[in-house]
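Down below is the structure, laid out as structure tokens.
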Amino acid sequence: MAENMTQHRVPFQRLKIASFDFTSCEGCQLQLTNHEATLPDFLGLLDVRNFRELSSERHDDYDIALIEGSISRQDEVERLLKIRKQAKILVALGTCACFGGVNSLKNRFPVKTLIDELYPPMNIETLAVRKISDLVTVDLSIPGCPVNKDEVERIMVSLATGSRVTLPKYPVCMECKAQLNTCLFELGEICLGPLTRAGCNAVCTSGKTPCLGCRGPAEEINMASFLELVKERGLSLDDLQEKLAFYNAFEPWQNHEA
Amino acid sequence: MKRDYAIDIRHLARVEGHADIKITVREGQLVDAKWAIVETPRFFEVMLRGMSAERVPFLTSRICGICSISHALASIRALERAMEITPPVAAEKIRLLAMQGETLQSHALHLFFLIAPDFAGTSSVLGLLQSHPDLVKAGLKLKELGNEISTVTAGRCTHPVSLLVGGLSKAPDKQRLLQLLTMIQKQKPALDYACSFFRSIVIPDFSRETEFVSLSNGKSYPAIGGHLLSTDGVELEENDYLLMTNEYTREFSTSKFTRLSRDTSVAGALARFNNNHALLHPKAREVAEELGLKPVCHNPFMNTIAQLVECVHILEEAEELINSLLDMELRNIKTPYQPKAGSATGAVEAPRGILYHHLETDAAGHVVKADCVIPTTQNNGNIHSDLRAITLQALKEGKEDGEIEKLCEMMVRSYDPCISCSVH
């Protein structure tokens, strides 16, 4: 099995891994079970020590912790701090962990409004949504709503073989153009493809749906010229704000009013 | 023998989301049996407020990583009914196919990753890979097929990209539809193999009479829209979903509860089967009979078998749908619309049961009010009551402590709870 895995005949160990989910839809962890054709090989690369969704066995001797979701309750804060103490490498898995994700849309409303409107007469506990790096040091971020399994596989192989882990620095636009798609701006849509970090293979824009920026800003972005483009084409600034705020991944440029 | 006994399972494994099981037995008497959902709430109904109709399905799909297509389609249906939009026929067929892919994927995940390890005496699919490699291979093929159907029709299997209010942003490629047909043919033996495994296992003997709720349209096995029907004879229109659900809260659970004619009711594959078995494909009915599934079945463990029967149905129906799509021009896939004020319910049969989204829009098509009632919320009370009943039965039968714990875990898993969803 995987204990005998080698790269250039140099053997390497399986990754002692654990996966935990916080405030989320669990869609990113689900991606770990996708790519069924290569799944036995992928699992062979891992020594799964703790993964509640998948296994009833639980051990606390993991090196790598995958964290899905954002943080919105005190018990989650405590659980996260405990995981940080154990993990040598803490990975923010997916957009909620990296940026807060769609959960952050709730931060537009006072906590009391949320509780009173949805759970009367119960006084349910909830906090404003925070991303993982607001609370602990994150060693590695894998953005995406959901994460792209290709990228997760590539990163896990890099970790197992001690290679450098990198994310694309260029924007989604490049991946989209490589697929010869008609630009959505030409179809009268605001698309965040020019701003957003690539690595998703332009899956949304290839489906003729504008990019909402789930992977966060690319390495270097020019927001000023992007705004010019939107204005020049007479596109709606409200629509732009709705898109920029969708995943909370463009925080410095978001309008924070509800 | 009078004994003291406690089960305290924190964050039950192999279910989607966080929930605890607590059982206390004192001097041989059951003191307490509790199924407590402790998942962190996300407040989607408030998050939706102010969102444009165009963006809504992209937000609602994020309620659940497993049934994102169902959530997208429930909100799309609510908005189309609220703003009086009729999507093109081709779009409706493609949506239906996308849902079938999702249900196949979700059922396969449950049958092989979450349930099968219990029957094979192992803790996870990793153990199952060693003890039953052929079963895992069959399961993976079916899951892959489900995901591929959704990807071809909706652009991506988790969090779809092309499902919009009014129709679709992009039609599926006919070449890829043809490939799906080949793939379905190729994977039928995998499903036969899965059926032979589930025929060989012993399903625990337990029943507690309850009320089953599902969609029904009298013409086809339910998926998107229709009447709301219960085995106790309640029949209502989609917009009357509040009368069907009657949500309420209980302090120990972050998921709400529902009730109808009795204290508890059930949604899901078994409910769909109990209400619509005559509309299943003949091959699926045949498999149901072979596996001892007959309506009205009150054994919650048989939900797993109902899911397997639905997989058989899906493979047959997907073939028919793909063939009819191949005969159609797939040019007209979206109805243009002007946003307007309105309100309506969209009900769909998500993999785990009937799912309601009720949305109200303003004149600009922005959401004013949103309400979502999730299948697992509808099963919450029934799981709770079954846990009590099965523990009492096990005590009476003189089962060992470990056996009772395993039985309780398996019973809860058989409902395929989607806990994140229920605490949206």
Of all residues in the stretch B:228-264 being in contact with a Gly (Cβ under 8 Å, 6 or more places away or on another chain) and either of a type in the set (Val, Ile, Thr) or closer than 22 Å to B:Ser343 by Cα (or both), which is nearest to the other protein chains (Cβ to nearest Cβ)? B:Thr258
So if I check each of B:Ala120, B:Ala116, which one is out of contact with any strand residue (DSSP E or B) (no Cβ under 8 Å at 6 or more places or on another chain), without any contact (Cβ under 8 Å) to a residue 24 or more places away in the chain and within 14 Å of chain A (Cβ to nearest Cβ)? B:Ala120
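For the stretch B:223-243, how many residues are on the phi > 0 side of the Ramachandran plot, surrounded by fewer than 16 Cβ atoms within 10 Å (Cβ to Cβ) and in contact with a strand residue (DSSP E or B) (Cβ under 9 Å, 6 or more places away or on another chain)? Can you show your working first?
Step one: of the stretch B:223-243, the residues on the phi > 0 side of the Ramachandran plot are B:225-226, B:233.
From what's left, surrounded by fewer than 16 Cβ atoms within 10 Å (Cβ to Cβ): B:233.
With in contact with a strand residue (DSSP E or B) (Cβ under 9 Å, 6 or more places away or on another chain) added as a condition, the list becomes none.
Residues flagged as on the phi > 0 side of the Ramachandran plot, surrounded by fewer than 16 Cβ atoms within 10 Å (Cβ to Cβ) and in contact with a strand residue (DSSP E or B) (Cβ under 9 Å, 6 or more places away or on another chain) within the stretch B:223-243 amount to 0.
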For the stretch B:203-235 the number of residues that are without any contact (Cβ under 8 Å) to a residue 60 or more places away in the chain, in a loop (DSSP other than H, G, I, E, B) and closer than 30 Å to B:Glu409 by Cα is 1
Could you please find all residues in the stretch A:105-122 being assigned to a loop (DSSP other than H, G, I, E, B) and more than 9 Å from chain B (Cβ to nearest Cβ)? A:Pro110
Can you tell me how many residues within the stretch A:85-134 are more than 27 Å from B:Asp371 (Cβ to Cβ) and either hydroxyl-bearing (Ser, Thr, Tyr) or without any contact (Cβ under 8 Å) to a residue 24 or more places away in the chain (or both)? 2
Could you go through the stretch A:194-205 and let me know if any residue there is exposed (fewer than 12 other Cβ atoms within 10 Å of the Cβ) and either among the aromatic types (Phe, Trp, Tyr) or away from chain B (no Cβ under 12 Å) (or both). no
For the stretch B:127-180, which residues satisfy the criterion of being in contact (Cβ under 8 Å) with a residue 24 or more places away in the chain, among the basic types (Lys, Arg), within 9 Å of chain A (Cβ to nearest Cβ) and within 29 Å of A:Leu212 (Cβ to Cβ)? B:Lys143, B:Lys170
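Looking for something surrounded by fewer than 20 Cβ atoms within 10 Å (Cβ to Cβ), on the phi < 0 side of the Ramachandran plot, in contact with a Leu (Cβ under 9 Å, 6 or more places away or on another chain) and assigned by TED's automatic domain parsing to the domain that holds A:Ile83 - is there at least one such residue anywhere in the stretch A:20-30? Show your work before the answer.
Let us first name the residues in the stretch A:20-30 that are surrounded by fewer than 20 Cβ atoms within 10 Å (Cβ to Cβ), namely none.
No.
Taking the stretch A:227-251, which residues are more than 14 Å from every other protein chain (Cβ to nearest Cβ), closer than 19 Å to A:Gly94 by Cβ and not acidic (Asp, Glu)? Give the derivation first.
Going residue by residue through the stretch A:227-251, those that are more than 14 Å from every other protein chain (Cβ to nearest Cβ) are A:227-234, A:250-251.
Going one step further and asking which of them are closer than 19 Å to A:Gly94 by Cβ, we end up with A:250-251.
Across the stretch A:227-251, the qualifying residue is only A:Phe250.
Is it the case that the stretch B:47-57 has a residue that's without any contact (Cβ under 8 Å) to a residue 40 or more places away in the chain and either crowded, with 24+ Cβ neighbours inside 10 Å or within 9 Å of chain A (Cβ to nearest Cβ) (or both)?
Taking the stretch B:47-57 and keeping what is without any contact (Cβ under 8 Å) to a residue 40 or more places away in the chain, we get B:47, B:55.
Next, only the ones that are either crowded, with 24+ Cβ neighbours inside 10 Å or within 9 Å of chain A (Cβ to nearest Cβ) (or both) stay: B:47, B:55.
Yes, there is a match, as at least one residue in the stretch B:47-57 is without any contact (Cβ under 8 Å) to a residue 40 or more places away in the chain and either crowded, with 24+ Cβ neighbours inside 10 Å or within 9 Å of chain A (Cβ to nearest Cβ) (or both).
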Can you name the residue in the stretch B:58-94 that is more than 11 Å from every other protein chain (Cβ to nearest Cβ) and basic (Lys, Arg) and, of all such residues, is surrounded by the fewest Cβ atoms within 10 Å (Cβ to Cβ)? B:Lys93
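The values are calculated or read from the model by the stated rules, or taken from the named source; none is laboratory data. Note that the coordinates shown come from a computational prediction; the quantities given were computed from them, not determined experimentally. Cβ: placed from backbone, ideal geometry, glycine included. Neighbour counts: every protein chain shown.
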